[in-house]
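Here the structure comes first, spelled out in structure tokens, and everything after it is commentary.
The values are calculated or read from the model by the stated rules, or taken from the named source; none is laboratory data. Keep in mind that what you see is a predicted model, and the values were worked out from it rather than measured. For neighbour counting, all protein chains shown are included, and Cβ atoms are generated from backbone atoms with ideal geometry for every residue, glycine included.
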Amino acid sequence: MKDLFVLGIESSCDETAASVVLNGHKVLSNVISSQIDIHTLYGGVVPEIASRKHMERIDRVVKKALADAGMSADDIDVIAVTYGPGLVGALLVGVSYAKSYAWAYDKPLVGVHHIEGHICANYIEHEDLKPPFLSLVVSGGHTHLVNVADYGKYEILGRTRDDAAGEAFDKVARVIGLGYPGGPKIDKVSYDGDPTAYAFPRAKISENEYDFSFSGLKSAVLNELNALQMKGLSYVQADVAASFQQAVVDVLVTHSMAAIDEYKPECFAIAGGVASNTHLRKAMEEACAQKGVRFCMPSPIYCTDNAAMIAVAGYHEYIAGNTSGWDLNAVPALKLGQR
């Protein structure tokens, strides 16, 4: 099979990203234009602002990705773009640009599911990784435990019933004065805290042992802080952060190990923005080692939203014969496995 160069485009939230990837694993360029400094002013992502910034930046980002790869548009074989899930305005910018680009240069177009992209990020640095395997996808908008049956074939074993893990991190960080984005800040300050200082709950869903719930944990943190305030007592920020984080990590690891016991995979992989959390990475690695299961995780740069993972997913969709038409549209609530 001849070499296949895929241009990936990602704009589902607040990162404008483009990447060129060779044969589904070799990253030739990976450009990410983050809006964190802007949205920090508001304590979270403002959809309208995110969309406007994508419009301002996407052309420059794509051109830089091609330049960094030492390529021109004519050298690209396939255009892959995130079309859901995500913020509808943000998605529309990327989808519209990708469709125009593919039409102008007469290239095949492939719409990619954002969560599939996160899972496929593991193929970049683990070239020998092949389905089937299990994957935990944890991000600001999603918490999914997935059985990766084959390339492009996914069975969702469990998902969050309410808040995603990353969403809970952001909300708790805001309450204890760390600000946005919450995940990295809680991860950092937790090294100075006691993870046993507060006995926060670990939720279990009786109907499905693989489903998650983090709203109760978030409420427990708020209730604890309100109770302390009413009593005129103070709290140690690092202790609250560490105790909250430990509760999240415990739930994620426990559910994942239960799935390993049932499905007995050769490999377990994590993905998504929260997968860059150092405490989670260490706990999951140790738990998998105890089970005798290979553990895979992307480098942090491929955990957060990026276009390299979209290009990789687009590569596998393309060689499977899945391409998109000019009617491709943004689908903000797109389900994994839906096309």
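Working only within segment 127-147, note down all residues that are over 25 Å from K26 (Cβ atoms), over 13 Å from the mean Cα position of the chain (by Cα) and surrounded by fewer than 22 Cβ atoms within 10 Å (Cβ to Cβ).
N147, the sole residue that qualifies.
Of everything in segment 50-99, what is touching a helix residue (DSSP H, G or I) at 6+ places or on another chain (Cβ under 6 Å), more than 15 Å from L328 (Cβ to Cβ) and among the hydrophobic types (A, V, I, L, M, F, W, C)? Give them in sequence order.
A50, M55, I58, A73, L87, A90, listed by residue number.
Say whether the condition of being within 17 Å of A269 (Cβ to Cβ) and not aromatic (F, W, Y) is met by at least one residue in segment 163-177. Before you say what the answer is, go through the steps one by one.
Quick first cut of segment 163-177, residues within 17 Å of A269 (Cβ to Cβ) only: 165.
Cutting the leftovers down to not aromatic (F, W, Y) gives us 165.
Yes, there is a match, as at least one residue in segment 163-177 is within 17 Å of A269 (Cβ to Cβ) and not aromatic (F, W, Y).
In the set G183, G232, G193, which member is at pLDDT 95 or above and either surrounded by 15 or more Cβ atoms within 10 Å (Cβ to Cβ) or outside the structural domain of L145 (by TED's automatic domain parsing) (or both)? Break it down stepwise before answering.
Values: G183 fails: at pLDDT 95 or above; G232 fails: either surrounded by 15 or more Cβ atoms within 10 Å (Cβ to Cβ) or outside the structural domain of L145 (by TED's automatic domain parsing) (or both).
After ruling out the rest, the residue left standing is G193.
Please enumerate the residues belonging to segment 217-229 that are within 26 Å of I156 (Cβ to Cβ) and surrounded by fewer than 17 Cβ atoms within 10 Å (Cβ to Cβ).
The answer is S219, and nothing else.
If a residue has to be more than 18 Å from V138 (Cβ to Cβ) and either of a type in the set (S, T, N, Q) or under 25 Å from the mean Cα position of the chain (by Cα) (or both) to count, how many in segment 199-220 make the cut? Outline the logic, then answer.
Of segment 199-220, the ones more than 18 Å from V138 (Cβ to Cβ) are 199, 201, 206-207, 219-220.
Now narrow it down to the ones that are either of a type in the set (S, T, N, Q) or under 25 Å from the mean Cα position of the chain (by Cα) (or both): 201, 206, 219.
Total meeting the criteria: 3.
Quick one: in segment 306-326, which of the residues that are within 22 Å of V62 (Cβ to Cβ) and assigned to a loop (DSSP other than H, G, I, E, B) is nearest to the chain's Cα centre (by Cα)? If you could, list the steps in order and put the result at the bottom.
We begin by selecting, within segment 306-326, every residue within 22 Å of V62 (Cβ to Cβ); these are 306-318, 323-326.
Pick out the ones that are also assigned to a loop (DSSP other than H, G, I, E, B) and you get 306-307, 323-326.
On the way: N306: 9, A307: 12, T323: 23, S324: 23, G325: 26, W326: 27 Å.
Among those residues, the one meeting the criterion is N306.
Could you check segment 292-305 and list, in sequence order, the residues that are in a loop (DSSP other than H, G, I, E, B) and either without any contact (Cβ under 8 Å) to a residue 12 or more places away in the chain or closer than 21 Å to F268 by Cβ (or both)?
G292, V293, M297, P298, S299, T304
Of everything in segment 1-49 that's farther than 14 Å from A80 by Cα and charged (D, E, K, R), which residue is surrounded by the most Cβ atoms within 10 Å (Cβ to Cβ)?
The qualifying residue surrounded by the most Cβ atoms within 10 Å (Cβ to Cβ) is D14.
If we only count strands (runs of 3 or more DSSP E) wholly inside segment 103-159, which ones have 1 or more residues that are in contact with a strand residue (DSSP E or B) (Cβ under 6 Å, 6 or more places away or on another chain) and more than 20 Å from V293 (Cα to Cα)?
On the way: elements: 109-113, 133-138, 143-150, 153-159.
Where strands (runs of 3 or more DSSP E) fall fully within segment 103-159 and carry at least 1 residues being in contact with a strand residue (DSSP E or B) (Cβ under 6 Å, 6 or more places away or on another chain) and more than 20 Å from V293 (Cα to Cα), they are 109-113, 143-150, 153-159.
Taking S299, is it touching an Asp or Glu at 6+ places or on another chain (Cβ under 8 Å) and surrounded by 16 or more Cβ atoms within 10 Å (Cβ to Cβ)? Don't jump to the end; show me each part of the working.
On the way: touching an Asp or Glu at 6+ places or on another chain (Cβ under 8 Å): yes; surrounded by 16 or more Cβ atoms within 10 Å (Cβ to Cβ): no.
When the stated conditions are applied, S299 does not pass them.
Being surrounded by fewer than 18 Cβ atoms within 10 Å (Cβ to Cβ) and either among the acidic types (D, E) or in contact with a Phe, Trp or Tyr (Cβ under 6 Å, 6 or more places away or on another chain) (or both) is the filter here; which residues of segment 148-180 pass it?
D150, E155, D162
Could you look through segment 196-229, keep only residues that are at pLDDT below 95 and acidic (D, E), and pick out the one that is farthest from V146 (Cα to Cα)?
Here the answer is E207.
Looking at A289, A320, A269, can you tell me which residue is surrounded by 15 or more Cβ atoms within 10 Å (Cβ to Cβ) and either in contact (Cβ under 8 Å) with a residue 12 or more places away in the chain or more than 26 Å from S12 (Cα to Cα) (or both)?
Values: A289 fails: surrounded by 15 or more Cβ atoms within 10 Å (Cβ to Cβ); A320 fails: surrounded by 15 or more Cβ atoms within 10 Å (Cβ to Cβ).
Being surrounded by 15 or more Cβ atoms within 10 Å (Cβ to Cβ) and either in contact (Cβ under 8 Å) with a residue 12 or more places away in the chain or more than 26 Å from S12 (Cα to Cα) (or both) holds for just one of A289, A320, A269, which is A269.
For A308, all conditions in the list (1) closer than 16 Å to I79 by Cβ; (2) touching a residue at least 24 places away in the same chain (Cβ under 8 Å); (3) surrounded by fewer than 21 Cβ atoms within 10 Å (Cβ to Cβ); (4) of a type outside the set (S, T, Y) hold save one; what is the number of the exception?
(3)
Which of the residues that make up segment 238-258 are of a type outside the set (V, I, T) and over 15 Å from A220 (Cα atoms)?
Pass one, segment 238-258, residues of a type outside the set (V, I, T): 238-239, 241-247, 250, 252, 255-258.
Matches in segment 238-258: A238, D250, L252, H255, S256, M257, A258.
When K63 is evaluated against the numbered criteria (1) surrounded by fewer than 22 Cβ atoms within 10 Å (Cβ to Cβ); (2) not in a helix (DSSP H, G or I), which criterion, by number, is the only one it fails?
Result: K63 fails condition (2) only.
In this structure, is V240 assigned by TED's automatic domain parsing to the domain that holds G179, surrounded by 16 or more Cβ atoms within 10 Å (Cβ to Cβ), closer than 26 Å to E116 by Cβ and among the β-branched types (V, I, T)? Quick ask: steps written out before the conclusion?
Details: assigned by TED's automatic domain parsing to the domain that holds G179: yes; surrounded by 16 or more Cβ atoms within 10 Å (Cβ to Cβ): yes; closer than 26 Å to E116 by Cβ: no; among the β-branched types (V, I, T): yes.
Here the answer is no, as V240 does not meet what is asked.
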